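Colleague: The structure is given below, and queries will be raised subsequently.
The values are calculated or read from the model by the stated rules, or taken from the named source; none is laboratory data. In this text the structure is predicted, and so the values were computed from the model without any measurement. Using ideal geometry, Cβ is built from the backbone for each residue, glycine included, and neighbour counts are taken over all protein chains shown. Keep in mind that these areas ignore ligands, DNA and RNA; they rest on the heavy atoms of the full protein, side chains included. Shrake-Rupley method; radii C 1.70, N 1.55, O 1.52, S 1.80 Å.
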Amino acid sequence: MRALTWQGRRKVEVETVPDPVIEKPDDVIVRITSTGICGSDLHLYETLGPFLTPGDILGHEPMGVVEETGPEVRELASGDRVVIPFNICCGTCFMCAQGLQSQCETTQVREYGSGAALFGYTKLYGQVPGGQAEYLRVPFGNTMPVKVPDGPPDDRFVYLSDVLPTAWQAVEYAAVPAGGSLTVLGLGPIGDMATRIAQHRGAELVIGVDLVDERLDRASAHGVTCLDLRRHEKDLGEAVRELTDGRGTDAVIDAVGMEAHGNPVAKAAQWATGLLPDTLAQPLMEKAGVDRLGAVYGAIDLVRRGGTVSVSGVYGGAVDPLPLLRMFDKQLQFRMGQANVLNWVPEIMPLLTDDDVLGVDKFATHHLPLEEAPQAYATFQNKQDGMIKTLLRP
């Protein structure tokens, strides 16, 4: 089959690799019909190379059609249309029973002290072949795949793999009161979708912050009050407080993560670490890694006293400094973590099957064949061509 593989820093290639096969009796093989490029894939492209091996298959936002099932699979049959959550979870352990599929005790990567394994996402999360490929082996075929109806295009359902549950959890964790206010830092796919979900769930004022014209325009068209970071980099806090009676918003979502704008020192440290041999870079990142924390620091400034900061952006630093005095003084609450996909699907699915409430049918800005994935990664990384969300068609 053809699959997108990691080959080195800022180098991915589509190669011919062996087809996946049934390895356990509850496995299924899925023929991928759509698979997204996620903002966190860029962390692999740019920063997390020490935890990858050349040839690793990337991607964790797939959907497709069941081609083959193991002998113990009872809930699916060949021809069923399914979305694959990015968390690899058994559905039956203690953590899964708590709705914490991202912490699944069956697939936790204990070697690195990490939570549940993920598709296509480094040794830290199991080094499991990902979904930017023609076929994917999916374990736990009775409990993990999300069966979706035939009819609507893939765009209606594919975001159940990551974007929708991640954005939903970000808003849930933000705990915006009815009629309240929210700032979303970063209007990429997760941030953009979070603004839509927050509005749907009753937030009266949603402020979006970014520095890419296409992202700002897109969010503005959906009723978001947008602030251009290029104009407000020095006075963003004042700008938000002017819109909120001098207090700041009830909650802030950090949808940016480790590669936030600013902090050239941390950026240089990330770059230098990525150039080291893996045997040196891995322990350095595990023990002394420092993220660019502009978004987190911004969230602490922008949120009102007694408010909530919800972090959905991916971070990888081991010794990130946080202003605990300021956080304590403002009496802030923080919630964060990988999305627990299956926990949120029942709440999201009616918004997809009854009508396109969240605008998912037109959410992707680009649809490209899998063979064009290397150029798509470069375009997405450089924020060119108006690319906000790309779906690959294997």
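Colleague: Is there a residue being assigned to a loop (DSSP other than H, G, I, E, B), of a type outside the set (A, V, I, L, M) and within 21 Å of Ile84 (Cα to Cα) anywhere in the stretch 374-388?
Modeller: No: the stretch 374-388 contains no residue that is assigned to a loop (DSSP other than H, G, I, E, B), of a type outside the set (A, V, I, L, M) and within 21 Å of Ile84 (Cα to Cα).
Colleague: Also, I was wondering about something else. Among the numbered criteria (1) touching a helix residue (DSSP H, G or I) at 6+ places or on another chain (Cβ under 8 Å); (2) open to solvent by 10 Å² or more (accessible area, probe 1.4 Å), which single criterion is violated by Val341?
Modeller: For Val341, the failing item is (2).
Colleague: Here's a follow-up. Hey, among the residues in the stretch 197-206 that are under 14 Å from Val184 (Cβ atoms) and in a loop (DSSP other than H, G, I, E, B), which one's most open to solvent (accessible area, probe 1.4 Å)?
Modeller: Per the stated criteria, the residue is Arg201.
Colleague: Give the stretch 290-338 a look and list any residue that's in a loop (DSSP other than H, G, I, E, B), in contact with a His (Cβ under 9 Å, 6 or more places away or on another chain) and either open to solvent by 60 Å² or more (accessible area, probe 1.4 Å) or aliphatic (A, V, I, L, M) (or both), or say none.
Modeller: Result: Val314, single match.
Colleague: Count, please, the residues in the stretch 144-179 that happen to be out of contact with any helix residue (DSSP H, G or I) (no Cβ under 8 Å at 6 or more places or on another chain) and within 16 Å of Ser310 (Cβ to Cβ).
Modeller: Residues in the stretch 144-179 being out of contact with any helix residue (DSSP H, G or I) (no Cβ under 8 Å at 6 or more places or on another chain) and within 16 Å of Ser310 (Cβ to Cβ): 3 in total.
To keep it simple, each residue is scored yes or no on (1) open to solvent by 60 Å² or more (accessible area, probe 1.4 Å); (2) part of a helix (DSSP H, G or I); (3) under 26 Å from Leu58 (Cβ atoms); (4) modelled with pLDDT under 95.
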{"residue": "Gly141", "(1), (2), (3), (4)": "no, no, yes, no"}
{"residue": "Met144", "(1), (2), (3), (4)": "no, no, yes, no"}
{"residue": "Asp155", "(1), (2), (3), (4)": "no, yes, yes, no"}
{"residue": "Trp168", "(1), (2), (3), (4)": "no, yes, yes, no"}
{"residue": "Glu172", "(1), (2), (3), (4)": "yes, yes, no, no"}
{"residue": "Leu187", "(1), (2), (3), (4)": "no, no, yes, no"}
{"residue": "Met193", "(1), (2), (3), (4)": "no, yes, yes, no"}
{"residue": "Gly208", "(1), (2), (3), (4)": "no, no, no, no"}
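Colleague: Is at least one residue of the stretch 356-371 of a type in the set (Phe, Trp, Tyr) and more than 22 Å from Ile190 (Cβ to Cβ)?
Modeller: no
Colleague: Working only within the stretch 101-122, note down all residues that are open to solvent by less than 50 Å² (accessible area, probe 1.4 Å) and part of a helix (DSSP H, G or I).
Modeller: Of everything in the stretch 101-122, those that are open to solvent by less than 50 Å² (accessible area, probe 1.4 Å) and part of a helix (DSSP H, G or I) turn out to be Gln101, Ser102.
Colleague: Can you name the residue in the stretch 354-378 that is more than 22 Å from Asp41 (Cα to Cα) and without any contact (Cβ under 8 Å) to a residue 60 or more places away in the chain and is also most open to solvent (accessible area, probe 1.4 Å) among such residues?
Modeller: Out of the qualifying residues, it is Asp354.
Colleague: Sticking with this structure for a sec: Can you tell me which residue is nearest to the chain's Cα centre (by Cα) among those in the stretch 210-246 that are open to solvent by 90 Å² or more (accessible area, probe 1.4 Å) and under 25 Å from Ile388 (Cα atoms)?
Modeller: Asp217
Colleague: Now for a different question. For residues that are open to solvent by 20 Å² or more (accessible area, probe 1.4 Å) and of a type in the set (Ser, Thr, Tyr), scanning just the stretch 1-48, find the one that is nearest to the chain's Cα centre (by Cα).
Modeller: Here the residue is Thr33.
Colleague: Against the condition aliphatic (A, V, I, L, M) and crowded, with 21+ Cβ neighbours inside 10 Å, how does Val65 come out, does it pass?
Modeller: Spelling it out, it is not the case that Val65 is aliphatic (A, V, I, L, M) and crowded, with 21+ Cβ neighbours inside 10 Å.
Colleague: Somewhere in the stretch 262-283, is a residue modelled with pLDDT of 95 or more and among the aliphatic types (A, V, I, L, M)?
Modeller: The answer is no, given that none of the residues of the stretch 262-283 is modelled with pLDDT of 95 or more and among the aliphatic types (A, V, I, L, M).
Colleague: So in the stretch 379-392, with the set limited to residues that are among the charged types (D, E, K, R) and either open to solvent by 20 Å² or more (accessible area, probe 1.4 Å) or touching a Lys or Arg at 6+ places or on another chain (Cβ under 6 Å) (or both), which one is farthest from Glu46 (Cα to Cα)?
Modeller: Selected residue: Asp385.
Colleague: Regarding the stretch 73-93, can at least one residue be identified that is open to solvent by 50 Å² or more (accessible area, probe 1.4 Å), more than 23 Å from Met349 (Cβ to Cβ), in contact (Cβ under 8 Å) with a residue 40 or more places away in the chain and not hydroxyl-bearing (Ser, Thr, Tyr)?
Modeller: No, because not a single residue in the stretch 73-93 is open to solvent by 50 Å² or more (accessible area, probe 1.4 Å), more than 23 Å from Met349 (Cβ to Cβ), in contact (Cβ under 8 Å) with a residue 40 or more places away in the chain and not hydroxyl-bearing (Ser, Thr, Tyr).
Colleague: Among Gly99, Gly115, Gly91, which is the only one that is more than 17 Å from Thr166 (Cβ to Cβ) and out of contact with any strand residue (DSSP E or B) (no Cβ under 6 Å at 6 or more places or on another chain)?
Modeller: It is Gly91.
Colleague: With the checklist (1) within 20 Å of Phe157 (Cβ to Cβ); (2) in a loop (DSSP other than H, G, I, E, B) in hand, flag the one item Gly36 doesn't pass.
Modeller: Among (1) within 20 Å of Phe157 (Cβ to Cβ); (2) in a loop (DSSP other than H, G, I, E, B), the lone unmet condition for Gly36 is (2).
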